[in-house]
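Enquirer: Structure incoming, see below.
The values are calculated or read from the model by the stated rules, or taken from the named source; none is laboratory data. Source: prediction; values computed, not measured. We place every Cβ from the backbone using ideal geometry, glycine too, and count neighbours over all the protein chains shown.
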Amino acid sequence: MTTPRNLTQLQLMKEKGEKITCVTAYDASFAAQAVAAGVNILLVGDSLGMVVQGQDSTLPVTLDDMIYHSKMVRRGAPNALIMMDLPFMTYATPETTLKNAGKLMREGMGTMVKVEGGEWLLPSIQMLTERGIPVCGHLGLTPQSVHQLGGYRVQGRSEIDAQRILNDALALEKAGVSLLVLECVPSDLAKRITNALKIPTIGIGAGVDCDGQVLVLYDMLGITMGKTPSFSKNFLIGQDSIKSALQNFVETVKNKTFPDLEHSFN
Ligand code: KIV
C-alpha cells in the first residue's frame, strides 16, 4: 500500500496484516525525511519536551508548544497522517478536552489527537469522536503520569495489571478511539490486546506482535541526550543518511525483525 492518508487505510493495513510504521517528528525537515522514507504516521509527540526542549519529563509541554511544532510538521508533510499529543492537563475534563483538542486540530493542522489514560477518559473520547476529532489512545507506560507510576518502568507485569490494561483497551475502542499506542508492556500482553481489538495497536517497547511500531526519532538516530530507552535502537548505525536510517526502520518493522527480543520485554 502507498502511504495511508486516512484512518480507514490504516484499519485496512491491520486487516491485511501489513505492519504500520510511525516515528515522532517535531519540525518540517525531519517530517519530510520520514515521509520520503515511507513512514506511515508522524507523531508530534510531547516527547519534544525532553528531546527538543531538554526538560526532564513531558509535563512542562504546553498546548502552544504542540501547536507550534505541529504546524511545522504539517508544512514539511502536507499529505501525511499526523497525530498530535494533547499535553499534560489539557484534557483533564471533557469540556477542557473539547476546547483544547479543537484548538490543536484547527491551528496545529494534524489529523488526530492522542491522549494518555484508561477508563477515566471515556466521556472525553466520546465527546471528541462524536464531534469529528479522531483519537488515538495510549496505555501501559503513560509518561504524563510518571510521578504517579513512580518512574519510567514496564507496566502490566502482574495478571491484575495486565487485565486492567486489557479492559481499558477494550473500553477505549468502544468509546471510539481509532488507534492505540501501547508503551512498555510485556510482549505477551501487547499480543493479547492486539488480538482482542479491531483497531490497530502501535507498540513502543511492546514487542513485535503489535500492528505497528513507533519510536522517538531522536532515539532512533542516536542523538537523544543521556540514556536511550532499552527498547529503542540506533537505526543510523551502518547507514549514510537520516533518510536511509528511517528506511531501515521501515523495512525492519515491515519484515517483523524489529523489535527483536533484545528490544522487547517478557
Ligand atoms: O510523545 C511521544 O513521543 C510518545 C511516544 C513515546 C509514543 O507519546
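Enquirer: Just the residues that are surrounded by fewer than 16 Cβ atoms within 10 Å (Cβ to Cβ) and in contact with a Leu (Cβ under 9 Å, 6 or more places away or on another chain), please, taken from region 213-243.
Expert: Gly222, Ile223, Asn234
Enquirer: Please tell me if Thr111 is of a type outside the set (A, V, I, L, M), under 12 Å from Met66 (Cα atoms) and modelled with pLDDT of 95 or more.
Expert: no
Enquirer: So, Leu104, is that one over 20 Å from Val214 (Cβ atoms) and in contact (Cβ under 8 Å) with a residue 12 or more places away in the chain or not?
Expert: no
Enquirer: Please go through region 19-73 and pick out each residue that is part of a helix (DSSP H, G or I), away from the ligand (no atom under 15 Å from the Cβ) and of a type in the set (A, V, I, L, M, F, W, C).
Expert: Ala28, Ala32, Val35, Ala36, Ile67, Met72
Enquirer: Considering region 1-22 alone, what residues qualify as being within 15 Å of the chain's Cα centre (by Cα) and either over 14 Å from Asp85 (Cβ atoms) or surrounded by fewer than 24 Cβ atoms within 10 Å (Cβ to Cβ) (or both)?
Expert: Result: Leu7, Leu10, Lys19, Ile20, Thr21.
Enquirer: Could you list, in sequence order, the residues of region 127-140 that are under 13 Å from the mean Cα position of the chain (by Cα) and either free of Cβ contacts under 8 Å to residues at least 12 places away in the same chain or farther than 14 Å from Ile202 by Cβ (or both)?
Expert: Scanning region 127-140 gives no hits.
Enquirer: Taking into account only those residues within region 196-205 that are within 12 Å of the chain's Cα centre (by Cα) and small (Gly, Ala, Ser), which is surrounded by the most Cβ atoms within 10 Å (Cβ to Cβ)?
Expert: Filtering region 196-205 for residues that are within 12 Å of the chain's Cα centre (by Cα) and small (Gly, Ala, Ser), the one surrounded by the most Cβ atoms within 10 Å (Cβ to Cβ) comes out as Gly203.
Enquirer: Restricting to helices (runs of 4 or more DSSP H) lying wholly in region 117-184: which have 3 or more residues that are over 24 Å from Pro259 (Cβ atoms) and not acidic (Asp, Glu)?
Expert: By residue number, 122-130, 159-175.
Enquirer: I would also like to ask the following. Does any residue of region 201-208 turn out to be of a type in the set (Gly, Ala, Ser), in a loop (DSSP other than H, G, I, E, B) and away from the ligand (no atom under 12 Å from the Cβ)?
Expert: yes
Enquirer: Taking region 74-114 on its own, how many of its residues are away from the ligand (no atom under 16 Å from the Cβ), in contact with a helix residue (DSSP H, G or I) (Cβ under 8 Å, 6 or more places away or on another chain) and among the hydroxyl-bearing types (Ser, Thr, Tyr)?
Expert: 2
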